[in-house]
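Reviewing the structure listed below.
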Amino acid sequence: MKSISIALLLIILAACTTTKLYTPSASNENKRTTASVDELKKGYELYTTRCNKCHGLKSPDSRNAEQWTKVLASMAPKAKLTAEEKDLVYKYLVNY
């Protein structure tokens, strides 16, 4: 019984881990693609408020720029992002 409780606790803790997001700052500006700190902050806000309504958030470093392009192509319409908003989210995701 004790081992089942420990296993259950470990599963719960693993499920509660937080995604590593970064807070945009000058050090992220133009890192991988041209983006101002203001654009990165707007992208962060969109990502954290619109992209997690249906699922959990992924760490920006979990994919490369090409992979994020594909993800956003399929997910932006579902999140009802405009082309400009999609671009801001992309800039946030790739400038980690």
Exercise for review: Quick one: net charge around residue 82, please, counting Lys, Arg +1 and Asp, Glu -1 for every other residue with C-beta under 15 Å from its C-beta.
Suggested key: +1
Point to revise | Summed residue charge, Cβ within 10 Å of residue 93's Cβ, Lys/Arg positive, Asp/Glu negative | key: +3
Revision key, fill the gap. Simple SL model, points at 7 angstrom along Cα→Cβ for residue 25 and residue 70; separation in nm is 3.3
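Computed from the coordinates by the stated procedures, all read-outs in this text should not be read as laboratory data. None of these values were measured; they are calculated from a predicted model. Because the Cβ atoms are built from the backbone with ideal geometry, glycine has one as well, and the counts that use them run over all protein chains shown.
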